[in-house]
Amino acid sequence: MTQDLVIGSITGYDFEAIRPWVVSLERSGFSGMKAMLCYNIKQPVINELASRGFTIFAFEQNNEGVVYTKPFNIVVERFLHMWLFLQGAREKYNLRYLIAPDVRDVLFQSNPSTWIEQNIGNKKIIAPQESIAYEHENWGKQNLLQSYGGDIYSAFGKNTIINAGTIAGEIDTMVDLFLTVYLASKAGQSINPDQAALNIILNTKVYRDITYFAPANAGWACQLGVTADPVKISGYRPHLTEAEPRFDGNTVRTQSGAAFTLVHQYDRVPTWRDALLKKYGA
């Protein structure tokens, strides 16, 4: 019998920093395998995750906990390390779908397996869109330019941005994608080239043909840093390609009323953040 995997990557956090992610996943109805790729994590955090059913992927451990002494950039290295660990794990645990969201600023509002089953169709990758093109989003535009230069930006700048922090898909395809993102990131010139690398890769034909570019209105994930941040929304609103998400005091929803499966960057919206943290026990 197959099962799905939710995997996160963390460095330097105590458990309180990741509690909302863990608790919301527990309440979502997800029944598959849970794993955490850990760097520089103290033993009490490891113990707490293990007690909640998480498999820990890590390189070294001493009496203090999990450490990783090599200089690294987690947003890039995580792709290589997930590829390394999942080489054997995908068959050992008979994995089907892989969900690989960020941890610090992501919440689960419903079972991700259910959404994927109902929506992935004949595609292999879920690529959540940010409802705005590169040319209209300041951080993304500069990140793409700094990572890969003007020629690449000219080719991809009008594309709707894909968010790297809420991706999912079929296990074998995702594991290969992780290696490709890592290798492409090593050619990037910015501090955080991973999202730019992912966007370029998924918009090449070999990947584009097997990718579901999920609009926010599909309900997979909302990217609140673009669509709800009160500091930025007035500037971005004229350029949004979809209706903004809404919050009813308990659940973040699409404009049609469907609850998003994943809520990303909820910490950018103070009133929503406070209510959601209270809901998930932080």
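Numbers for the structure displayed
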read-out: Pairwise centroid distance, computed over Cα atoms, of the range 1-67 with the range 93-151, Å; value: 21
read-out: Ordering of 163-171, 39-47 by packing [mean C-beta count within 10 Å, highest first]; value: 163-171, 39-47
read-out: Unit charges at the beta carbon, dipole of the chain: most positive-side option, 225, 69, 88; value: 225
read-out: Extreme residue, positive dipole direction of the chain, given options 269, 118, 199 (C-beta unit charges); value: 118
read-out: Convex hull volume per residue for the range 85-136, taking Cα atoms only, in Å³; value: 161
read-out: Net dipole in debye of the chain [+1 Lys, Arg Cβ; -1 Asp, Glu Cβ; about Cα centre; nearest 20]; value: 200
read-out: Filter on 42/70; 124/186; 141/232; 92/124 - keep pairs with C-alpha separation over 23 Å; value: 124/186
read-out: Pairs of alpha carbons in the chain whose separation is greater than 28 Å (percent); value: 34
read-out: Whole-Å semi-axes of the range 143-224's equivalent ellipsoid (Cα gyration tensor); value: 20, 16, 12
read-out: HN-Hα J in Hz across the range 8-25 - Karplus 6.51, -1.76, 1.60, θ = phi - 60°, x for Gly and Pro; value: x, 9, 9, 9, x, 8, 8, 5, 4, 5, 10, 3, x, 5, 5, 5, 5, 5
read-out: Inverse mean reciprocal Cα-Cα distance (Kirkwood Rh) of the range 95-169, Å; value: 14.1
read-out: Taking the range 3-279 and dividing mean pair separation by its residue count, relative contact order in percent (alpha carbons under 8 Å, at least six apart); value: 20
read-out: Mean Cβ neighbour count within 10 Å, used as a protection proxy, ranking 27-34, 62-69 highest first; value: 27-34, 62-69
read-out: Cα gyration tensor of the range 116-254 - equivalent ellipsoid semi-axes, whole Å, descending; value: 24, 21, 12
read-out: Bins of 10 Å, starting at 0 and running to the largest distance - Cα pair percent for the range 121-162; value: 30, 46, 19, 5
read-out: Order by protection proxy (mean Cβ within 10 Å, highest first), peptides 258-268, 9-19; value: 258-268, 9-19
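No lab work stands behind these numbers, since they all come straight from the coordinates. This structure is a prediction, so every number in the text was calculated from the model and none was measured. Every residue, glycine as well, gets a Cβ built from its backbone with ideal geometry; the counts of neighbours run over all protein chains shown.
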